[in-house]
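J.: Can you keep this structure in mind? I'll have questions shortly.
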Amino acid sequence: MVDALTSSDRVDPVSLEPVDQALIDRMWDFADPDVSAERFRAASEDGLRPTVERAVLATQLARALGLQGRFGEAFAVLDGIAGSFEPVQEAVDGPDAASVAPAGGGPVPAEVRARVAIERGRLHVADGRPADSVPDLTLAVREAAQAGSPFLVLDALHMLALHDAGHEEEWAAEGLDLLEGRRDPRTLRWGIALHHNLGWVKHDGGRTAAALVEFERAVEIADRYGSAEQQQVTRWSVGRCLRTLGRTDEALELQRSLAALRPDDPYVQAEIEALTAGEPTIEA
């Protein structure tokens, strides 16, 4: 496992002020990756924005393209980001001057390196090659630690906890350790994914009672820091786990409460059918 954010001497001297995650969150519409891609494309090409911000927004363009299955384009976007930071030499005293000075660019900041690695990993997963994501995501943990960004470390760790077969619990534990003592609500939201994913690892491994503890913890964090979607999904998982445990009355009551909030949720409807008529469910 990677020792993340344990020493101040890890912080990259090229690290700059991080790009505001709230800006990225506002631009995303995960229900409509086409619209999101156009937003990120326009923003990443806006010459009035700082170079680092444009590079970070380009990583999100790649992610949105990946959600559309446009993997070749997405990887090409990521491949092109480093070029934004290559020094451009301009003459200082005219075309015949011997001395030149950099007009921009410079080393790629650690935040950008981390985000590029994370999105490469996500693209591999979306393209059906989760094993190929592990080297990129492991690199992302290191780069994010050098950037001094717990948020990005946790993003990479939660992906590893999903896709590094045989090491899921180790990565999740590392992420949960990193969350200890954090105060930023947006960073603390990663606890939802870490507990929820860990719950499914335990559920699918036959440790259902332990899985329920993880799912219930995910609900607690979702209620405090998460979105309405996360609150719905984590409660669904509690209900699904209750069904596995044979606590079907509790499971049905919970799923019906979710159906009252979202009558068109197919996962909830499938669970209600499974609990009332023995129909097969849609698995997470």
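The values are calculated or read from the model by the stated rules, or taken from the named source; none is laboratory data. Note that the coordinates shown come from a computational prediction; the quantities given were computed from them, not determined experimentally. Backbone-built Cβ (ideal geometry, glycine too); neighbour counts: all protein chains shown.
J.: Could you tell me whether region 225-239 includes any residue that is buried (at least 20 other Cβ atoms within 10 Å of the Cβ), over 23 Å from the mean Cα position of the chain (by Cα) and under 30 Å from Glu170 (Cα atoms)?
T.: Checking region 225-239: at least one residue is buried (at least 20 other Cβ atoms within 10 Å of the Cβ), over 23 Å from the mean Cα position of the chain (by Cα) and under 30 Å from Glu170 (Cα atoms).
J.: Suppose the filter is under 27 Å from Ala172 (Cα atoms) and under 23 Å from the mean Cα position of the chain (by Cα); does Ala209 pass it?
T.: No, not satisfied.
J.: For Gly246, are the conditions met, namely being at pLDDT 95 or above, surrounded by fewer than 19 Cβ atoms within 10 Å (Cβ to Cβ) and on the phi > 0 side of the Ramachandran plot? I'd like the intermediate steps shown before the answer.
T.: Working: at pLDDT 95 or above: yes; surrounded by fewer than 19 Cβ atoms within 10 Å (Cβ to Cβ): yes; on the phi > 0 side of the Ramachandran plot: yes.
Spelling it out, Gly246 is indeed at pLDDT 95 or above, surrounded by fewer than 19 Cβ atoms within 10 Å (Cβ to Cβ) and on the phi > 0 side of the Ramachandran plot.
J.: Taking Glu229 as the residue in question, decide whether it is part of a helix (DSSP H, G or I) and either touching a strand residue (DSSP E or B) at 6+ places or on another chain (Cβ under 7 Å) or under 28 Å from Ala31 (Cα atoms) (or both).
T.: Yes: the conditions hold for Glu229.
J.: With the structure loaded, tell me whether Ala97 is at pLDDT below 95 and part of a strand (DSSP E or B) or whether it fails that test. Don't jump to the end; show me each part of the working.
T.: Numbers: at pLDDT below 95: yes; part of a strand (DSSP E or B): no.
For Ala97, the condition - at pLDDT below 95 and part of a strand (DSSP E or B) - is not met.
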